[in-house]
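Heads up: the structure comes next, in structure tokens.
The values are calculated or read from the model by the stated rules, or taken from the named source; none is laboratory data. Keep in mind it's a predicted model, so treat the numbers as computed, not measured. For the accessible areas, the whole protein counts, side chains as well, though only heavy atoms, and no ligand, DNA or RNA atoms are used. Shrake-Rupley method; radii C 1.70, N 1.55, O 1.52, S 1.80 Å.
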Amino acid sequence: FGLSKQPHINRFLLHRQPPPPALPNDNLVHKSTDMGIQGFSYSISPEEPKYGDLVLHGCQEAADLLRDHPEAWRVYTDGSGLHIRHNGAAVVIVDPSDPGARVFSHRIREDSSYPAELYALLLALKKSPKKIVLLSDCSAALQKFHSIVQGTCV
């Protein structure tokens, strides 16, 4: 039998999807920076989490840090580990006195998300001013960072 003789071949074909809408870029500046890091600047800031929302989701410590240091820059980090060739690190930096956000990303060639999380922290320190509130979803990376700062990292 050829493919034309099979009555249900349409079940195996992917249906054409319309292309996704273009991302708005009227308030976006993009540039590639050193060592393959991609840099973006937005002229509008993303909506930042509110104190009550953070507490509601179990992030009391982060809520307190943001409340107690309103003048500090907010630095959000994340690392992703989908595949050895598709890992990445990202940093979003928000200056509370200036509307807009700076976003940096970098591809990482490692076999798990943990090195990408660590690289995101390093990227945050390289690209941020001195007074920051650093927020990450990876407690192991934050603990490693804390032990390095304390001088107890083995």
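For region 43-144, with all protein chains present and a 1.4 Å probe, just round the carbon and sulfur fraction of the accessible area to a whole percent. Mind dumping the intermediate values first?
Numbers: 3400 of 5940 Å².
Ligands and nucleic acids excluded, carbon and sulfur give 57 percent.
Arrange the residues Tyr76, Tyr51 by how much accessible surface each exposes, largest first, with a 1.4 angstrom probe. Kindly include the intermediate steps, with their values, before the conclusion.
Numbers: Tyr76 55, Tyr51 90 Å².
Ranking Tyr76, Tyr51 by accessible area, largest first, yields Tyr51, Tyr76.
Using the Karplus curve 6.51 cos²θ - 1.76 cosθ + 1.60 with θ = phi - 60°, what ³J(HN,Hα) values do you get for each residue of region 129-139, in whole Hz, with x for Gly and Pro?
x, 6, 9, 9, 10, 9, 10, 9, 8, 10, 5
Rounded to the nearest 10 Å², what accessible area does Lys131 have for a 1.4 Å probe in the complete protein model?
Looks like 110 Å² after rounding.
Quick query: amide H of Gly100 versus all other amide H atoms, modeled in the peptide plane; which residues come in under 5 Å with a sequence gap of 5 or more or a different chain?
Excluding prolines and chain starts, which carry no amide H, the hits are Ser45.
Can you give the convex hull volume per residue for the Cα atoms of region 83-154, as a whole number of Å³?
Working: hull volume 7.2 nm³, N = 72.
Looking at region 83-154, the number lands at 100 Å³ per residue.
With every protein chain kept in the model, how would you rank Glu110, Glu48 by accessible area, 1.4 Å probe, largest at the top?
Working: Glu110 80, Glu48 50 Å².
Highest to lowest solvent-accessible surface, that is Glu110, Glu48.
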